[in-house]
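Remarks on the structure that follows.
The values are calculated or read from the model by the stated rules, or taken from the named source; none is laboratory data. Worth saying up front: this structure is predicted, and the values here are computed from it rather than measured. Counting neighbours? That spans all protein chains shown, and the Cβs are built from the backbone with ideal geometry, glycine included. Side chains are part of the model used for accessible areas, which takes the heavy atoms of the whole protein and leaves out ligands, DNA and RNA. Shrake-Rupley method; radii C 1.70, N 1.55, O 1.52, S 1.80 Å.
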Amino acid sequence: MRPWPDCSVGVGLRAFGVRRMLARAAPLLLTLLLFMLSPSQAGAEAGRLAARLTPDVMATVWPGAESLGPEEGSPPAIAVYRDGKIIGYVFSTLDVVNAQGFSIIPFDVIAGVDAKGRISGSKVIFHREPHVHEDEIRQPQLDDFLAQTAGMASLGANPNALPADYVAGATVSARAMREAVFRSAQLVLIGRGLSKPPDLGPSAPSVDMDGFKQMTWEQLLAGGSIVHKAITEADVAGALGKANAAGAKLDVPLANSNNAYADIYTGLATPASINKNVLGDAYGDYFGPRGTSMRFFSWKIFVASKGPYDFIGPKRFDRLRVVQDGRTYEFTSSQYQGINTGGRDGVRALDHAAVFALPVNAPFDPLKPWRLELLVNGRAADGSPLSLAFPINYQLPAAHILMPPGPPAPAWVQAWRDSRINVIIEAALLTILTLILLFQSKLARSGRSHRIIRNAFLLFVLVWEGWIAGGQLSIFNIINYIMAPFRHFEIGFYLAEPLMVMIVIYTSFSLVLLGRGVFCGWLCPFGALQELLGQFSRFIGLPSFNPSASAQKYLWLGKYVSAAVVLGAAVLSIETGSRLAEVEPFNTAITSHFTRAWPYVFYACALLVIGLFTERAYCRFLCPLGGVLALAGKLHLLDLLKRRPECGSRCHLCEYSCPVKAISPAGKINMTECFQCLDCQVEYYDDRRCPPLAAIRKNAGKPTAGARIPAIASGDKVQSAWGSHAS
């Protein structure tokens, strides 16, 4: 059996030494913290662009510029001259679009664009983007990322553009700055008549008049571009019978057979993909009334046939009509253009072919269904006129219709596409954590399995989610969510970081269900780093120190004070709030990999050193994010951690075993301080360590090694010999 916690004098002396060391370090840490939180420039000011065009900026934005003009125009820009001619313009995203990145403080990127819309270069001269500002790794990456815009088109695709995740951990900032450069460049050119607003396509569905795709006659028929109806002599005879027109004399008499009377083909001849494939490129040479080319008539109907019945007829055009929505359109010679036939294939292989133009003012809608009616004319037995209509229904296929463009895909959609591998990994990670929480009672029955799985999970969270993928939730995220109702709210802004969205959603649900511990104990990369280092310190035998229960109650307040100060300052000034958020070492230790200025690195390392002696000291006593989550988690719905009536009244094993001292002497777990590490549950199920289970095991007749003793849920009565002997 493992020994109970040692409370000997030796441990007390070592703890006293640790307390003295921490007391001496406190003033230095406070000094460093004040240095890091010292105020800086509040924000960039729009206007006076020329004053911001330093030689260093111009060397990147427009190398080789000979002279500059005055700042003028709308939007404001400065003309760039070479050989006495304007070759482009220099502008500021702050002056033109006043764009924001992840921070709600607008950034200022100076860029240039030539008359053809090509970016000459761009450089950020001011920003307060978290994870980039004053970062010795990401700031140069951002500078390189923007410099690579040189030569890119401000409008259209740039296949060789660097991906936004080139600036690791700051994809929102990088993407926002580059898009602001492109958008500003277009506005500058449009304002000077050098570019037109982008063509957004038709505002409503319309016929594709000019688009062309090579198709055969068979393909036109198969796709519905041309429709066909075979009318036999038997069909005509049947129609005469239905009309009670026996003995009628038709213009083209029947031969009393089942031969074809008229094979009719028709379609809308206006789309280029129909008329050019049917009539050839020479279609434009066909002329209508007054010598006008048929191509200039709005809506044209193509008709062709094979068989004895000629749709033209001796009286010209009395054998055809078009019907749509109850309106009937008939044709005259001024609307007709015959097509030469007698060829070997396609329309040329038919007997008759023509194109009919509808009147210019006709309320014909080519997008709606219509029908061509072939009229079989003659005279009834009494000599009265007779006309039998054979309809051929037509609907223009979608291939010949231009649809209005849908709304462009939001930038966050592309961000999710680019991050699909990370999204899959994160989803798998969260699924594994869910399974751990659901089956924690089974996992806790084996202390070895619990320790291996937990340490492996924490190591993966630290290395992949924290250092590689940049998934460290921060108080700065909370600030952005709080400020959202007070600024221009755009949901896409919050969706542009897929991993953060997944972590926030999962944390929100787990906070409501189980409290703070799921995120703080399992998903926080900095928390994982502290815990893994704490385990290493115990492995090598470093002394540990935990404040007394009474002192700890006051120290717990530190994270609430920290959260209140940071959030309160952010409400008054986002810049001040951002600076105060540096109380979190996350940016230094996780996002920036300890590559920032030495005061930040020293501060983060000092917190980690303290954590070697006091388990997760920063998480417990100072973390503002932990303070917010602890407050929100007070109303959690479920308590999955099991307890026994003896917990705290006779047995204090779990209290002593809890690494963060979240269990009171009375045995109750303080869920606002619990990290859901499950250490207490390992003790709960250990029949060699837990006194109630050990007593049951002893009285059960000394079961063989490894025999499982049934777990007793919280609140169950325990009838055991241990109840009368243990103290």
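Tabulated values for the structure
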{"quantity": "Theoretical ellipticity at 222 nm over the chain - DSSP helices of four or more residues, -39500 (n - 2.57) apiece, nearest 500", "calculated": "-11500 deg cm²/dmol"}
{"quantity": "Quotient of Cα Rg and 2.2 N^0.38 Å for the range 507-652, N being how many residues it contains", "calculated": "1.15"}
{"quantity": "Summed side-chain charge close to Ala630 - residues other than Ala630 whose Cβ falls under 11 Å, Lys, Arg +1, Asp, Glu -1", "calculated": "+3"}
{"quantity": "Ser573 accessible area, assembled protein chains, probe 1.4 Å, Å²", "calculated": "40 Å²"}
{"quantity": "Net charge of Cβ neighbours under 15 Å - reference Asp143; Lys, Arg +1; Asp, Glu -1", "calculated": "-4"}
{"quantity": "Degrees separating the helix 525-539 axis from the principal Cα axis of the chain, which is the longest one", "calculated": "30 degrees"}
{"quantity": "Probe 1.4 Å, accessible area per residue of the chain, Å²", "calculated": "48 Å²"}
{"quantity": "Sites Gln219 and Tyr481 - FRET efficiency at Förster radius 56 Å, r taken between beta-carbons, to 0.05", "calculated": "0.50"}
{"quantity": "Centre separation in Å (Cα based) which lies between the range 621-636 and the range 70-139", "calculated": "41 Å"}
{"quantity": "Theoretical gain in end-to-end length, Leu155 to Ile190 [0.36 nm per residue, Cα-Cα removed]", "calculated": "11.4 nm"}
{"quantity": "The range 147-205 versus the range 546-604: alpha-carbon centroid distance in Å", "calculated": "37 Å"}
{"quantity": "Trypsin sites (Lys or Arg not before Pro) restricted to DSSP loop in the range 443-515 with at most 13 other C-beta within 10 Å", "calculated": "Arg487"}
{"quantity": "Linear extension gain, Tyr656 paired with Ser384, 0.36 nm per residue minus alpha-carbon span", "calculated": "86.6 nm"}
{"quantity": "Calculated Rg/Rh (Cα atoms, Kirkwood Rh) (choose from [x] 1.00; [y] 1.22; [z] 0.98), label", "calculated": "[y]"}
{"quantity": "Radius 10 Å from Cβ of Pro363, net charge of other residues (Lys, Arg +1; Asp, Glu -1)", "calculated": "-1"}
{"quantity": "Entries in Lys229/Lys368; Lys213/Lys300; Lys276/Lys300; Lys553/Lys668; Lys300/Lys368; Lys668/Lys698 that, when Cα-Cα distance is taken, lie over 23 Å", "calculated": "Lys668/Lys698"}
{"quantity": "The chain: angle of helix 171-191 to the longest principal axis, Cα-based, in degrees nearest 10", "calculated": "40 degrees"}
{"quantity": "In the range 620-668, the trypsin sites (Lys or Arg not before Pro) that fall in loop regions by DSSP, at most 13 other Cβ within 10 Å", "calculated": "Lys668"}
{"quantity": "With every protein chain in place, the chain: carbon and sulfur % of accessible area (1.4 Å)", "calculated": "60 percent"}
{"quantity": "Angle between the chain longest axis and helix 138-147 axis [Cα atoms, degrees, rounded to 10]", "calculated": "20 degrees"}
{"quantity": "Model label zone, Lys368; criterion: amide N under 12 Å from point 7 Å along Cα-to-beta-carbon; scope the range 311-351", "calculated": "323-328"}
{"quantity": "Loop-located chymotrypsin sites (Phe, Trp or Tyr not before Pro) in the range 404-454 whose Cβ has at most 10 other Cβ within 10 Å (DSSP)", "calculated": "Phe439"}
